[in-house]
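**Student:** Just dropping this structure here.
The values are calculated or read from the model by the stated rules, or taken from the named source; none is laboratory data. Everything numeric in this text was worked out from a predicted model, so none of it was measured. Here the Cβ positions follow ideal geometry from the backbone for every residue, glycine too, while neighbour counts run over all protein chains shown. For the accessible areas, the whole protein counts, side chains as well, though only heavy atoms, and no ligand, DNA or RNA atoms are used. Shrake-Rupley method; radii C 1.70, N 1.55, O 1.52, S 1.80 Å.
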Amino acid sequence: MGTSALSVLEERKSSISNERGRGVCCERESVSGAVSQRACVYCGARVVLNPITDAYHIVHGPIGCASYTWDIRGSLSSDADVYRNSFSTDLRETDIVFGGARKLAAAIDELMEKARPAPRLIFVYATCIVGVIGDDVEAVCREAERKHGARCIPVKAPGFSGTKTQGYKLACDAIMALLGPHRGQPKRFGVNILGDYNLAGEMWIIKGYLEQIGIPAISGITGDSTYESLARAPSAALNVVQCAGSSTYLAERMRDEMGVPWVNVSFFGVEDTVASILRVADALGSPAASAGAREFTARRRAEVLPLLERYKPRLAGKRAAIFVGGGFKAISLMRQFKELGVKTVVVGTQTGRKEEYETIGSLADSGTVILDDANPAELERFMLETRADILVGGVKERPLAYKLGLAFCDHNHERRRPLAGFEGALCFAEEIHKSVRSPVWRHVKGGAS
Amino acid sequence: MLDLTPREVKERSALRINPCKTCQPVGAMYAALGVHGCMPHSHGSQGCCSYHRTVLSRHFKEPAIASSSSFTEGASVFGGRSNINTAAKNVFDMYGPDIIAVHTTCLSETIGDDLNSYIMDLDLPEGKIVVHANTPSYVGSHVNGFFNMMMGFMNYLTQRTGTPNGKTAVFPGWLNPGDIRELRRLAGLMDVPATFFPDQSGVMDAPMTGRYDMYPQGGTTIEEIRGLGDCAGLIALGEIIGAEPAELLRKKWKVPFVLLPAPIGVSNTDQYVSALRRASKTEVPAELEAERGRLVDLLLDSHQHTYMKKAAIFGDPDVALGLTSLALEMGMVPKYVITGTPKEEFTRRANALFSKYGAEGCTAKANADLFELHQWIKNEPVDVMIGTTYGKQIAKAEDVPFVRAGFPVLDRYGGTLLPIVGYSGAIRLTEQITGALLDRFDRDASDEDFEIVL
């Protein structure tokens, strides 16, 4: 039985709007029984810390949470590959009964004895039941630091203790714990890039741009990050925040506690990329960097726009649906579709914030459906009602889009080509084009074209 | 790649590295997706449900629906009764399944939620059903979750009317839709009316129709599950995944069963076909004889390329044992055979296979992980690896040819539509394994030795 005729749950109505986002209720817990697309606190924390490539990420809990997060995020490393392994205490029934703290301590000991070169940085993620069975993870980590001389940072992330956003915050706290001993370094000219996970090498693209206009990238937090590079982060003159949802909190803490000011950027789409590079250069107050940024962005913009232009006639009249994690990305994508002449008809996020929904509302046409924490049934209903041709989303949305005969572009960790910067804008257009124009639709009843 | 793995193997008792298993609830979710009109429901935090749906979507390239109790701090303190009440109401109102299959998680198990009484107290819409299974993540593996969910359905639904339904029950175990299709085809050829339970074919390989059906055509129906007690007999496939559900059906309704290995390879398929023949009034048709003949012909054609080639086989216990049996039939040496699932029965059965074929120097281990397998391979290399996608890092690091089979396979397309079971599945695997070995032979051949004909 199809669900398109089904009604939207009463409790969900306030999370959906087709009046330019007016009054979309967000930042609240999911309804029990919803087929939500959302993940959990642990997931959020792991996403942010995972790209620390020389860290040992130990999941303290039953095996599942370690299995499901084993090397799936697509954040690339130029150096260490410790993070591509899965470490866990694989708690068993006896541990649940007698407590798992001793096993955790033993696991850390085994790691320190056997891993060479000796680990310098360990994150211990406590999942759902660890608090319930009363393990004192903080004490185990403190003792491990004393015993082994490595940093061992607890991340208490039981899945039920909030949404993914809460996990981001915990990860940011863990990063602050890591940076703490390194504060007070003299400031130098250069920036940290926050909230870019180096998916498909995007951090490298952004770093490359900044370096070309004479702005050194001191640290990526977190993308292709190592302990060493993170330790330099407090010396930066500026923090550049790409994923606001995950990293604004960290930027604010670094500003307050380490005197690093921050600016928001988005490197998705040509116009946002240009604006972001200029904003970074201007914020640093270096006339040379600002002049360099103007020259660089003008040149790159002039190079890429004609290339994008070629896609416009081939995408003319297409209608897009967007369902992504954070609100900031949704905003960039709406602008990017506008650049390509594609109308956005549905916009949803998993964890968008109130002010982001206001911006989304201001960019939306009337009739564009805006929704928070959507479930498949709602996505289906609104994509069909608005006659969307393509969905931009993540892994769980892909098969749904295909089943409905919609083209699809992964803008999450399954992207294999960079979507950030000028190159990324072009890749994005290519990806959209590739899926929308595929001959496969000729074989699909009621398909896109 | 995996630069960190040291050659020297040291005993670990607390640290799991690179697991070859996952937790029970995803197995329960997959089993429940094999029931028609069923909404799997995860009674725990939201992340569990999201992770399980993601891994299933990645393996099958299909939507995998499931709802969650969405535990919060409150539920973790006061219990999840109100979550289940709200969830059942919302799921029936909004998604309209015929049945909800609840499975627990480590959280709801640890706080001691009593699903039996919660479900008994539910005020359900007319004709709607809720069943449950306890699937603590800290016991066994995803394989346990799968058979526990099967038993959950059977505990709630099966009955014996006293009138035999003339059908044979088949528990296929954890296989892909393409495998179940093949097993059903074989039952059809043998003229055995059968109920396959669970049956994800048609659900996790639903055809493209241009519309999305939350509950596609496939899946064992509730009526068929009810009727399991009236079946004349049961063929349970997978000696590890099938044992407990088969025992339950026998205890509950006196349905006699045979417990067979997953029908991978010649002799394991023979056993399935023999069991079907015993349930049938017909002899093995010529068509099926010919199919078997073609497989044996292929094994003969290719035997000189596979003889004494060393293989590392890893994955779920029954699939790994089946692959081991086929590898032995191909004259290969299953040097390392591991599963992450903690079942010593696995080691015993693998060793029995080694002795049956006189294979020497082989190691089997349950409750093992891929880090350890990697270390073994570093010490004594193999010619081919056969298993799930997570072996690809080792295959790359050690430059070993790699054939994907089992769950999960996250990086290839189409594999879930085609069988590895039955004679045709063995033909497919033999082609893949031989192809992988010969591709490597060609790649490494010097120009002088590079030949058109192999």
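**Student:** Only residues that are touching a strand residue (DSSP E or B) at 6+ places or on another chain (Cβ under 6 Å) and either surrounded by 24 or more Cβ atoms within 10 Å (Cβ to Cβ) or more than 20 Å from residue B:32 (Cβ to Cβ) (or both): list them for segment B:222-231, please.
**Tutor:** B:228, B:231
**Student:** Another question, then. Filter segment A:32-64 down to the residues that are hydroxyl-bearing (Ser, Thr, Tyr) and at the interface with another protein chain (Cβ under 10 Å from one of its Cβ atoms), then identify the one that is nearest to the chain's Cα centre (by Cα).
**Tutor:** A:42
**Student:** Pick from A:387, A:417, A:398: which is away from chain B (no Cβ under 13 Å), open to solvent by 10 Å² or more (accessible area, probe 1.4 Å) and under 30 Å from residue A:276 (Cβ atoms)?
**Tutor:** A:417
**Student:** When you scan segment B:256-290, how many residues do you find that are open to solvent by 20 Å² or more (accessible area, probe 1.4 Å) and either of a type in the set (A, V, I, L, M, F, W, C) or not in a loop (DSSP other than H, G, I, E, B) (or both)?
**Tutor:** Within segment B:256-290, residues that are open to solvent by 20 Å² or more (accessible area, probe 1.4 Å) and either of a type in the set (A, V, I, L, M, F, W, C) or not in a loop (DSSP other than H, G, I, E, B) (or both) number 15.
**Student:** In segment B:246-268, how many residues are under 23 Å from residue B:166 (Cα atoms) and β-branched (Val, Ile, Thr)?
**Tutor:** 2
**Student:** Another question about this same structure. For the list (1) touching a helix residue (DSSP H, G or I) at 6+ places or on another chain (Cβ under 6 Å); (2) at pLDDT 95 or above; (3) not aliphatic (A, V, I, L, M), I need the number of the one condition that residue B:167 fails.
**Tutor:** (1)
**Student:** Further question: Based on what the data block shows, is residue A:448 modelled with pLDDT of 90 or more, within 14 Å of another protein chain (Cβ to nearest Cβ) and more than 30 Å from residue A:209 (Cβ to Cβ)?
**Tutor:** When the stated conditions are applied, residue A:448 does not pass them.
**Student:** When you go through A:248, A:222 one by one, which is the residue that is modelled with pLDDT under 95 and closer than 23 Å to residue A:285 by Cα? Steps first, answer last, please.
**Tutor:** Numbers: A:222 fails: closer than 23 Å to residue A:285 by Cα.
Every option except A:248 fails the conditions.
**Student:** Return the total of residues in segment B:291-337 being open to solvent by 30 Å² or more (accessible area, probe 1.4 Å) and farther than 13 Å from residue B:422 by Cα.
**Tutor:** Qualifying residue count, segment B:291-337: 12.
**Student:** Open to solvent by 50 Å² or more (accessible area, probe 1.4 Å) and under 21 Å from residue A:406 (Cα atoms): is that true of residue A:313 in this structure?
**Tutor:** Yes: the conditions hold for residue A:313.
**Student:** Return yes when residue A:80 is at pLDDT below 95 and more than 7 Å from chain B (Cβ to nearest Cβ) and no when it is not. Please lay out each step first, then the result.
**Tutor:** Values: at pLDDT below 95: yes; more than 7 Å from chain B (Cβ to nearest Cβ): yes.
It is true that residue A:80 is at pLDDT below 95 and more than 7 Å from chain B (Cβ to nearest Cβ).
**Student:** Please identify the pairs in which a residue from segment B:9-37 that is outside the structural domain of residue B:203 (by TED's automatic domain parsing) and over 19 Å from residue B:49 (Cβ atoms) has its Cβ atom under 6 Å from the Cβ atom of a residue that is in a helix (DSSP H, G or I) and of a type in the set (S, T, N, Q), counting only partners at least 6 apart or on another chain.
**Tutor:** If the second residue must be in a helix (DSSP H, G or I) and of a type in the set (S, T, N, Q), the pairs left are B:9/B:375; B:19/A:67.
**Student:** Here's something else I'd like to know. I need the full set of residues from segment A:206-219 which are assigned to a loop (DSSP other than H, G, I, E, B) and either in contact (Cβ under 8 Å) with a residue 40 or more places away in the chain or open to solvent by less than 10 Å² (accessible area, probe 1.4 Å) (or both), in order please.
**Tutor:** Looking only at segment A:206-219, we keep the residues that are assigned to a loop (DSSP other than H, G, I, E, B), and these are A:213-216.
Once the filter is applied, which keeps residues that are assigned to a loop (DSSP other than H, G, I, E, B) and either in contact (Cβ under 8 Å) with a residue 40 or more places away in the chain or open to solvent by less than 10 Å² (accessible area, probe 1.4 Å) (or both), segment A:206-219 yields A:213, A:214, A:215.
**Student:** Of the residues that make up segment A:226-240, is at least one within 21 Å of residue A:167 (Cβ to Cβ) and in contact with a Ser or Thr (Cβ under 7 Å, 6 or more places away or on another chain)?
**Tutor:** Checked segment A:226-240: at least one residue is within 21 Å of residue A:167 (Cβ to Cβ) and in contact with a Ser or Thr (Cβ under 7 Å, 6 or more places away or on another chain).
**Student:** While we're looking at this one, here's another question. Quick check on residue A:442: is it assigned to a loop (DSSP other than H, G, I, E, B), within 14 Å of chain B (Cβ to nearest Cβ) and either surrounded by fewer than 17 Cβ atoms within 10 Å (Cβ to Cβ) or over 24 Å from the mean Cα position of the chain (by Cα) (or both)?
**Tutor:** no
**Student:** Also, quick follow-up: Is there a residue being out of contact with any strand residue (DSSP E or B) (no Cβ under 9 Å at 6 or more places or on another chain) and either farther than 23 Å from residue B:264 by Cα or open to solvent by 50 Å² or more (accessible area, probe 1.4 Å) (or both) anywhere in segment B:402-411?
**Tutor:** No, segment B:402-411 contains no residue that is out of contact with any strand residue (DSSP E or B) (no Cβ under 9 Å at 6 or more places or on another chain) and either farther than 23 Å from residue B:264 by Cα or open to solvent by 50 Å² or more (accessible area, probe 1.4 Å) (or both).
**Student:** Residue check: is residue B:207 assigned to a loop (DSSP other than H, G, I, E, B) and at pLDDT 95 or above?
**Tutor:** Considered against the rule, which asks whether it is assigned to a loop (DSSP other than H, G, I, E, B) and at pLDDT 95 or above, residue B:207 comes out as no.
**Student:** Identify the single condition in (1) modelled with pLDDT of 95 or more; (2) under 26 Å from residue B:166 (Cβ atoms) that residue B:281 does not satisfy, given that it satisfies every other one.
**Tutor:** Of (1) modelled with pLDDT of 95 or more; (2) under 26 Å from residue B:166 (Cβ atoms), only one is false for residue B:281: (1).
**Student:** Now a separate question. Quick check: anything in segment A:344-359 modelled with pLDDT of 90 or more and of a type in the set (Lys, Arg)?
**Tutor:** No, segment A:344-359 contains no residue that is modelled with pLDDT of 90 or more and of a type in the set (Lys, Arg).
**Student:** Select from segment B:226-251 the residues that are on the phi < 0 side of the Ramachandran plot and part of a loop (DSSP other than H, G, I, E, B) and list them in ascending order.
**Tutor:** Scanning segment B:226-251 gives B:231, B:232, B:239, B:240, B:241, B:242.
**Student:** Do the conditions hold for residue B:191, that is, is it open to solvent by 50 Å² or more (accessible area, probe 1.4 Å) and more than 27 Å from the chain's Cα centre (by Cα)?
**Tutor:** no
**Student:** Just the residues that are in a loop (DSSP other than H, G, I, E, B) and over 13 Å from residue A:420 (Cβ atoms), please, taken from segment A:249-277. Walk me through it before giving the result.
**Tutor:** Of all residues in segment A:249-277, those in a loop (DSSP other than H, G, I, E, B) come to A:259-261, A:265-269.
Once the filter is applied, which keeps residues that are in a loop (DSSP other than H, G, I, E, B) and over 13 Å from residue A:420 (Cβ atoms), segment A:249-277 yields A:259, A:260, A:261.
**Student:** Test residue B:9 against the criterion of being under 27 Å from residue B:406 (Cβ atoms) and either open to solvent by 10 Å² or more (accessible area, probe 1.4 Å) or not in a loop (DSSP other than H, G, I, E, B) (or both), and give yes or no.
**Tutor:** Taking the combined requirement at face value, the residue satisfies it.
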